[in-house]
Amino acid sequence: MYPESLKNLIESFKMLPGVGEKTAERMAFFLLNEDQERTNFFANSIVIAKEKIRKCSMCNGITDKVVCDLCSNELRNKKILCVVEDPKSIFLFERIGSYNGQYHVLDGLISPLDGINPEDIGIDKLLDRIYNESFDEIIFAFKPSIEGETTSLYIKRILDGLNIKVTRLASGVPIGADMEYVDRLTLERALND
Ligand code: ZN
């Protein structure tokens, strides 16, 4: 049997998504053969990221500051707000680089079947922002899904009557597609629309 510490290392790798027993073993043995400095860096990166990464107090995106670099960037357009369903989407849009406005991350999407209601996804915080900052336009950039549809309709209805243009990022993005796999051009076109 493996020594206790090696067993723990293998179990740790198995916590990662998509990693089974065999892969976990391979990773653990790989690390055992690495030098101390590299393995320290690996281990510390996990601890430090976990300690430092927090939610931006404005947009809910992930950052290691109180207010993230995007929210504190004075050069970005303060009149457009892009609402996303997870912090990862922000990095995806930033990689594409054609959007220069503000972001807001919801804690997921409304899904009545799963018991997820508007109050569970932080809509209050989003609405506070919308009421306090003077946006001209709000873009919902959710992955195409029933939940995304429900959530955008719900918020759109609340904002009815305010003088804000509400748009949705949908054209060209196929239903059920994972944003990460939607090609860059499609997404860029959808963002520009
Ligand atoms: Zn932020």
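For the reader, a short list of remarks on this structure follows.
- Think of it as helices only: each DSSP H run of n ≥ 4 in the chain is worth -39500 (n - 2.57), and spread over all residues that comes to -13500 deg cm²/dmol at 222 nm.
- Accessible surface of ARG168 - all protein chains present, 1.4 Å probe, nearest 10 Å²: 120
- Per residue, the chain exposes 63 Å² of accessible surface when a 1.4 Å probe is rolled over the protein heavy atoms with every protein chain present.
- About its Cα centre, the chain has a charge dipole of approximately 300 debye under the convention of +1 per Lys or Arg Cβ and -1 per Asp or Glu Cβ, with nothing else charged.
- Surface accessible to a 1.4 Å probe, MET58 within the full protein complex, Å²: 60
- Stokes-Einstein D for segment 12-161, Kirkwood Rh over Cα pairs, 4 °C, 1.567 mPa s (µm²/s): 72
- Within-14-Å neighbourhood charge of PHE30 [Cβ basis; K, R +1; D, E -1]: 0
- Here the chain has 55 percent of its accessible surface on carbon and sulfur atoms, given a 1.4 Å probe and all protein chains in place.
- Using heavy atoms of the protein chains and a probe of 1.4 Å, the accessible area assigned to SER89 is about 10 Å².
- Amide hydrogen neighbours beyond the local backbone of HIS104, cut-off 5 Å, H modeled: CYS82, VAL83, VAL84
- Sequence-separation-based contact order of the chain, relative, with Cα cut under 8 Å and 6+ spacing, percent: 15
- Non-local lysine pairs in segment 1-81, meaning eight or more places apart or on different chains, with alpha-carbon distances under 25 Å, amount to 12.
- In degrees, nearest ten, helix 36-52 long axis to first principal axis of the chain (Cα): 30
- Rounded tilt (10° steps) of 123-132 against the dominant C-alpha axis of the chain: 50
- Close amide-amide hydrogen proximity is noted between THR167 and ILE138, ILE139, PHE140, each under 5 Å apart and 5 or more residues distant or on a separate chain (H modeled in the peptide plane; Pro and chain starts excluded).
- When the chain is described by a simple charge dipole with +1 on each Lys and Arg Cβ and -1 on each Asp and Glu Cβ, the residue from GLN36, ASN77, THR167 located farthest towards its positive end is ASN77.
- Helix 87-96 axis, angle to the chain major axis (alpha carbon atoms, nearest 10°): 80
The values are calculated or read from the model by the stated rules, or taken from the named source; none is laboratory data. Predicted model only: the values in this text are computed from it and were never measured. Neighbour counts are summed over all protein chains in view; Cβ atoms, including those assigned to glycine, are modelled from backbone coordinates with ideal geometry. We work out accessible area using only protein heavy atoms, side chains counted, and drop any ligands, DNA or RNA first. Shrake-Rupley method; radii C 1.70, N 1.55, O 1.52, S 1.80 Å.
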